[in-house]
1. Using the C-alpha atoms of the stretch 22-136, what convex hull volume per residue, in cubic angstrom, is computed?
2. Treat each spin label as a single point 7 Å out from the Cα along the C-beta direction, and report the Ala136 to Glu206 distance in nm.
3. What distance in nm separates the two pseudo spin-label positions at Ala129 and Ala373, each 7 Å out from Cα along the beta-carbon direction?
4. What does the stretch 267-355 give for Rg and for Dmax, in Å, if only its C-alpha atoms count?
5. Where in the chain are the DSSP H helices whose C-alpha atoms run 18 Å or more along the long axis and whose mean Kyte hydropathy is at least 1.0?
6. Over the Cα atoms of the chain, what Rg and Dmax result, in angstrom?
7. Counting C-alpha atoms alone, how compact is the stretch 172-243: give Rg to one decimal and Dmax as a whole number, in angstrom.
8. Expressed as a whole number of Å, what is the distance separating the alpha-carbon centroids of the stretch 11-36 and the stretch 246-272?
Amino acid sequence: EKQGFKHFMLKEIYEQPGVVRTCVETYLDTTWSSDRDTNPVTLGLADDLFTDLEHVQIVACGTSWHASLVGKYLIEQLAGIPTMVQYASEFRYSPSPLTRHTLTIGVTQSGETADTLAALEMEQKRRQATEDLALAPRMLGITNRPESSLARLVPHIIDTHAGIEIGVAATKTFIAQVMAFYFLALDLAYRRQTLKPERIEQIIEELRQMPGQIEAVLESQERYIEELAHNFSETQDFIFLGRGINFPIALEGALKLKEISYIHAEGYPAGEMKHGPIALLDAKVPVVAIAMPGTVYDKVLSNAQEAKARDAQLIGVVPLNDEEAEFTFNSLLPVPPVDELLSPILTVIPLQLLAYHIAARRGLDVDQPRNLAKSVTVE
Ligand code: F6R
């Protein structure tokens with residue numbers, strides 16, 4: 001069943017180009033062009049979810065929470081709608097005050113996470129209890145299990161079509177959730193006319209190229225990352241840095257590493273390092289920084305240099321053939337230089353491989369890490 005791969009996790013990492021291809025084929029009208037007056041996104045969501053929409057609030061846990069943070073950037077930047085992302089376990093007991101015309105989204109690959117389901121149920125009930133129509137519930141689920149408890153709780157679902165994931169560490173379901181947010185953000189942008197049709201066409205074209213780009217990263221990086229992993233068999237702490245839309249990817253890289261390798265890892269917004277975590281740095285703490293072309297590229301490079309000045313070993317997820325990056329980092333994990341907004345789909349791939357190879361090198365049970373379960377159905 002592992003089709004020649006040593007672990008399900010590695011097999012599932014390699015399934016990601018196919019998952020992205022399926023998502024694009026399922027949810028985008030790939031023949032769309034900027035002169036058409038039809039919606040390029042085929043999520044099939046009911047219009048009344050979106051009427052007069054003023055806010056989006058998202059609840060999720062773990063890796064799904066990271067995908068939701070990417071979603072926040074996309075919805076805010078492409079569709080201009082203020083978006084809040086909450087941990088379901090926090091939101092349940094300290095919900096934000098009700099906002100008007102709000103779309104509530106629950107993100108859970110299993111569709112069974114107890115905290116996420118309870119947060120959604122609580123939100124639905126408290127909104128139903130008000131008479132004010134502007135506060136009425138509008139609920140949407142994003143899940144890989146359209147037959148799950150989530151689907152029975154909320155009236156609208158985006159099925160992420162990643163196929164069953166066996167490795168406990170989420171990889172292909174994460175990519176598929178992120179894809180769902182591109183489609184949702186584009187759908188909203190089209191309805192609200194926040195983007196020029198040419199820009200929509202450009203994003204669709206870039207999304208269509210993603211499967212090939214992920215394949216290129218997998219092919220060019222795996223051997224190198226497997227070698228690189230040898231350096232970290234004794235490492236106890238890692239720091240992951242990112243900014244903007246790649247900040248959630250730094251969080252995700254750190255989470256993948258800690259859950260399967262049991263190495264302590266922290267993800268941080270690169271600009272926050274100087275407010276505390278920089279005190280941790282020395283030659284024993286490797287720093288992984290994501291520095292992709294766009295609004296924060298120079299800033300991340302200078303944050304990385306601050307770490308270098310403390311003797312940290314620097315690993316960079318950087319654009320291919322970039323001299324400045326080659327000069328800054330000790331090790332390079334290059335990915336094709338795509339539009340900043342699309343870059344998380346590529347930057348997460350080397351981080352998944354890094355976590356996988358470090359854990360495999362340590363001889364750990366990658367698919368069944370200690371203390372973890374695939375569905376967390378208890379509080
Ligand atoms: C990370 C991981 C967990 C889950 C979390 C939420 O690799 O597997 O952090 O992401 O338990 O699970 P779902 O998405 O099923 O709600």
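The values are calculated or read from the model by the stated rules, or taken from the named source; none is laboratory data. None of these values were measured; they are calculated from a predicted model. Here the Cβ positions follow ideal geometry from the backbone for every residue, glycine too, while neighbour counts run over all protein chains shown. Side chains are part of the model used for accessible areas, which takes the heavy atoms of the whole protein and leaves out ligands, DNA and RNA. Shrake-Rupley method; radii C 1.70, N 1.55, O 1.52, S 1.80 Å.
1. Value for the stretch 22-136: 122 Å³ per residue.
2. 3.7
3. The two pseudo-label positions are separated by 2.9 nm.
4. For the stretch 267-355, the Cα-based Rg and Dmax read 12.4, 34 Å.
5. Span-like helices in the chain: 344-361.
6. For the chain, the Cα-based Rg and Dmax read 20.3, 61 Å.
7. Just the Cα atoms of the stretch 172-243 yield Rg and Dmax of 17.9, 53 Å.
8. When both Cα centres are located, 27 Å separates them.
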